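Heads up: the structure comes next, in structure tokens.
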Amino acid sequence: MSSQYFFPERLSIKWLKEMYQTGAITPLEVVNEILARSEKYEDYNIWIVKPSMEGITPYLKRLEQMDSTLPLWGIPFAIKDNIDLEGVPTTAACPAYAYTPTESATVVEKLLAAGAIPVGKTNLDQFATGLVGTRSPYGECHNALDPEMISGGSSSGSAVSVALGLTAFALGTDTAGSGRVPAMLNNLIGYKPPVGSWSTKGVVPACASLDCVTVFAGSMEDAKEVDSVARGFDEACPWSRKIEKKSDRLPSVIFLPNEVPSFYGTWEEEYCSKWKNAVKRIERLAKQKGITAEYIDYQMFQDAALILYEGAYVAERWEDLKGFVEGHPGETFPVTETILRSGGKEEQTAAKLFGNLHELQAYKHKAHMMLKDAVMIMPTAGGSFTRDQVREDPIATNSKMGLYTNHCNLLDMAAVAIPENRDDMIRPFGITVFGRFDREDLVCGFAEAFLEEETVPLAVCGLHKKGRALAYQLEELGAYYVETTRTASTYKLYELATTPTKPGLMRVSDGGDSIEVDVYELPVQQFGVFMKRVSEPLVIGDLELADGRVVKGFLCQGYASETAVDITDRGSF
């Protein structure tokens with residue numbers, strides 16, 4: 001049997017290490033699988049320099065001389081194309097800007113020394129200016145889960161490469177959210193270390209004083225593995241600084257917004273519902289762990305965020321790139337040039353800048369005092385858009401994607417974006433855990449606790465519905481009611497000949513209807529306990545809801561319908 005059958009849809013550092021250690025696969029076989037997958041997704045516009053055997057072979061040969069116990073030996077990764085890889089052009093998604101570096105960026109060198117294999121350079125919003133993934137002459141990057149949706153940006157190709165199993169992890173950058181928004185939209189972890197903890201030597205600047213190199217991965221474990229290799233003080237980087245990494249622990253306090261955040265786009269109600277689910281889970285987790293949950297006015301963070309693009313701070317972007325833009329008319333993506341040139345307007349004076357910096361310092365001081373032993377949690381983004389919708393209104397849609405991200409680097413914070421539900425491959429939503437630059441231990445500690453307390457959506461149509469006789473069986477296991485909704489129009493509902501009388505839901509090829517169900521969130525660790533209470537003729541299986549979501553739910557074995565009463569026309573039990 002060919003080893004290709006062993007490859008999971010998404011690669012991970014942990015899985016690859018286990019396979020290498022047992023001899024089940026080789027790095028060459030991994031690369032061959034990546035090349036085949038890359039061809040399959042060629043029209044997704046993931047790459048600027050796409051994977052090729054010619055480009056990867058030198059790194060495969062290099063592995064033969066390296067210790068196979070190195071932390072990233074044989075692990076394939078992608079590099080956002082504003083980060084240098086020796087001998088490979090860096091374009092920042094602008095062909096006229098391209099140059100070929102004679103050495104790799106510091107973070108890339110560290111990863112190579114740890115045995116990682118670079119497989120390609122990824123597409124991005126030009127000059128890392130954007131949060132949508134559509135601002136590139138190399139094509140609009142498609143979302144990994146729904147190609148009509150935006151991928152998020154600016155680190156678009158990097159996130160999608162991980163989500164589609166083309167890499168085990170990928171480097172992005174983050175100035176205003178570019179390492180976090182694509183993570184949410186592709187159901188990944190987006191780890192944003194503090195400014196200066198990873199060197200930015202060899203990175204094309206967006207706002208040099210705020211830029212971070214980030215990592216996309218499928219798990220916190222993988223993200224932290226990359227972080228352990230990539231971080232560290234770099235004498236050659238003027239923005240580098242020594243930041244102690246402490247052992248992970250839980251915070252004493254969690255701050256949440258005292259009002260429901262703003263949501264937007266076609267699916268704003270769905271995203272709002274998922275945020276409310278996340279808050280319930282956070283509150284329950286806080287209670288279990290003895291953590292205080294406090295509710296605060298988020299306005300200060302919104303005011304701080306406005307300084308990045310509506311204040312004089314935007315002049316930093318123009319200062320870094322004005323020479324190229326003015327010297328190469330027509331070569332910059334139109335919407336990108338509009339944003340960059342806003343930093344060169346006459347009103348962006350030095351006096352205004354210092355006023356903004358003083359205002360920002362006050363916000364920063366207040367935030368750091370508040371977050372001494374605490375984290376703050378917000379939606380990673382308040383919604384999403386189709387690529388068509390972004391094309392129709394590129395600036396307004398992009399701005400909305402940054403509502404809850406722009407404050408982060410301005411206020412010198414660490415952050416990690418995590419999925420609200422890692423099984424949601426239709427329209428994923430995520431939250432971001434924020435902390436002080438020197439309290440990554442709290443950020444990672446709570447993020448991992450949240451992920452460990454993951455829940456399973458469970459649909460019930462009978463006595464387990466809210467307020468009914470058996471609802472307590474779910475509630476005592478920590479489940480909580482989410483919504484009353486309906487199934488897809490492909491089910492029949494039967495009144496079973498049981499004592500007490502129970503409903504039986506059965507999927508049919510025709511003659512079905514939409515049936516009312518209640519959806520709960522049940523802690524994963526309690527799912528097996530609940531399953532023991534389910535007896536014939538009922539079973540738990542996949543159940544499709546009216547909006548296309550697939551959740552676990554009560555179904556009925558076919559033989560039971562022979563003695564049951566068809567009550568499909570009632571629409572509920």
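Below is a table of values for the structure above.
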read-out	value
Meets criteria (among the acidic types (D, E), open to solvent by 10 Å² or more (accessible area, probe 1.4 Å) and farther than 20 Å from A223 by Cα) for D423	no
S219 vs. criteria surrounded by fewer than 24 Cβ atoms within 10 Å (Cβ to Cβ) and in contact with a helix residue (DSSP H, G or I) (Cβ under 8 Å, 6 or more places away or on another chain)	yes
Lone unmet requirement of (1) among the polar types (S, T, N, Q); (2) crowded, with 18+ Cβ neighbours inside 10 Å; (3) closer than 30 Å to E148 by Cβ for N409	(3)
Top-ranked residue in the range 182-208 [being part of a loop (DSSP other than H, G, I, E, B) and hydrophobic (A, V, I, L, M, F, W, C); ranked as nearest to the chain's Cα centre (by Cα)]	L188
E235 being modelled with pLDDT under 95 and not aliphatic (A, V, I, L, M)	no
Cβ-Cβ under 8 Å pairs, at least 6 apart or on other chains, the range 78-93 side at negative phi, far side at pLDDT below 95 and not in a strand (DSSP E or B)	N82/A206
Matching residues in the range 148-165 - criterion: being of a type in the set (A, V, I, L, M, F, W, C) and surrounded by 24 or more Cβ atoms within 10 Å (Cβ to Cβ)	I150, A159, V160, V162, A163
Only one of Q299, Q288 that is polar (S, T, N, Q), open to solvent by 70 Å² or more (accessible area, probe 1.4 Å) and under 20 Å from F434 (Cα atoms)	Q299
Scope the range 1-31; condition of a type in the set (S, T, N, Q) and either open to solvent by less than 30 Å² (accessible area, probe 1.4 Å) or within 22 Å of K80 (Cβ to Cβ) (or both); matching residues	S3, S12
Residue pairs meeting the criteria (Cβ under 8 Å; at least 6 apart or on separate chains; first more than 27 Å from E420 (Cα to Cα) and among the acidic types (D, E), in the range 523-551; second open to solvent by 50 Å² or more (accessible area, probe 1.4 Å) and in a loop (DSSP other than H, G, I, E, B))	E536/Q557
When residues of the range 265-277 are limited to those that are hydrophobic (A, V, I, L, M, F, W, C) and either in contact (Cβ under 8 Å) with a residue 24 or more places away in the chain or open to solvent by less than 20 Å² (accessible area, probe 1.4 Å) (or both), the one farthest from F301 (Cα to Cα)	W267
Residues within the range 252-291 that are in contact with a Lys or Arg (Cβ under 7 Å, 6 or more places away or on another chain) and over 23 Å from V524 (Cβ atoms), tallied	2
Residue, modelled with the lowest pLDDT, within the range 437-455, restricted to residues that are surrounded by 24 or more Cβ atoms within 10 Å (Cβ to Cβ) and in contact with a helix residue (DSSP H, G or I) (Cβ under 9 Å, 6 or more places away or on another chain)	T455
Given (1) farther than 25 Å from T455 by Cβ; (2) open to solvent by 30 Å² or more (accessible area, probe 1.4 Å); (3) in contact with a Pro (Cβ under 9 Å, 6 or more places away or on another chain), number of the condition G330 does not satisfy	(3)
The range 494-511 residues that are buried (at least 22 other Cβ atoms within 10 Å of the Cβ), paired with ones that are assigned to a loop (DSSP other than H, G, I, E, B) and among the aromatic types (F, W, Y) (beta carbon under 9 Å, 6 or more apart)	K502/F573; P503/F573; L505/F573
Residue in the range 191-202 that is open to solvent by 10 Å² or more (accessible area, probe 1.4 Å) and in contact with a Gly (Cβ under 9 Å, 6 or more places away or on another chain) present	no
S262, sole failed condition from (1) assigned to a loop (DSSP other than H, G, I, E, B); (2) open to solvent by 40 Å² or more (accessible area, probe 1.4 Å); (3) over 21 Å from T405 (Cα atoms); (4) of a type outside the set (K, R)	(3)
Of all residues in the range 466-493 being over 17 Å from I540 (Cα atoms) and of a type in the set (F, W, Y), the one that is surrounded by the fewest Cβ atoms within 10 Å (Cβ to Cβ)	Y472
Filter result for D248 (of a type outside the set (V, I, T), touching a Pro at 6+ places or on another chain (Cβ under 9 Å) and surrounded by fewer than 19 Cβ atoms within 10 Å (Cβ to Cβ))	no
Single residue of the range 533-561 satisfying the filter (basic (K, R) and part of a loop (DSSP other than H, G, I, E, B)) that is least open to solvent (accessible area, probe 1.4 Å)	R549
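The values are calculated or read from the model by the stated rules, or taken from the named source; none is laboratory data. Computed from a prediction, not measured in an experiment: that's the story for all the values here. Heads up, the Cβs are rebuilt from the backbone with ideal geometry, glycines too, and the neighbour counts pull from every protein chain shown. Areas reflect the complete protein model, heavy atoms only, side chains present, ligands, DNA and RNA absent. Shrake-Rupley method; radii C 1.70, N 1.55, O 1.52, S 1.80 Å.
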